[in-house]
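Below: one structure, written as structure tokens.
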Amino acid sequence: MTQKADSLWQQRLHDFRDAVAGEPMPGCGATAVVSADLGLALVLKGLNLSQQHDASAPRQALIDEGNSLKQRLSPLAEKDVAAFEAFMAAVGRDGEDDDRTQAIHDAADNAVEVPLETARLCDAALALSYQAKAHIEQQFTSDAIAGARLIHAALHGVLLNVDANAGQLGSDAARDQARHAREGLAQRADALLATITSAPD
């Protein structure tokens, strides 16, 4: 992994932006993780500031869950960079190398699983956003809805990596499983966002 990938969360924001704009990595996967993490932070903002005004145990439980999700989501930015670099290294091996095909399949496993793991955590963050809706004061609702939209966009963005890499998996069964998981996560995300952004009953 490159030095920049190792220090992704320590970069200044404009440095990260410029690296995305002009370098091979970080790519859409890592950028999706950062976007989802910021979206989750906006949902947590609504919960935390509401909790400061009127503390409740259910709201605190959601805050704790959101903080846990944030801690699990953040490292996937670096994992995405590492997975892509390993995949490209496998693809770049000498065509006469007898182990090249297996190396590509092995690297593709990780290049598909990391974005699927990211999408699963985005799914959990959207589910949290849905639960949080009833516990966020009106003045913070716009932040929370904006956060949910960022998470939703990040989920769809990172699933593009599944689309790009699933064809390099080593079996039809593995490819079908990855694509089935991808479709389920995309459909659930769309349904959750529609519920989150719908007008109150």
### Task
Filter segment 97-127 down to residues that are within 13 Å of the chain's Cα centre (by Cα) and charged (D, E, K, R) and give me whichever is surrounded by the fewest Cβ atoms within 10 Å (Cβ to Cβ).
120
### Query
Given the conditions (1) more than 22 Å from residue 144 (Cα to Cα); (2) of a type outside the set (Val, Ile, Thr); (3) modelled with pLDDT of 95 or more, and given that residue 10 satisfies all but one, which numbered condition is not satisfied?
(3)
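The values are calculated or read from the model by the stated rules, or taken from the named source; none is laboratory data. Model, not experiment: these values are computed from the prediction. Heads up, the Cβs are rebuilt from the backbone with ideal geometry, glycines too, and the neighbour counts pull from every protein chain shown.
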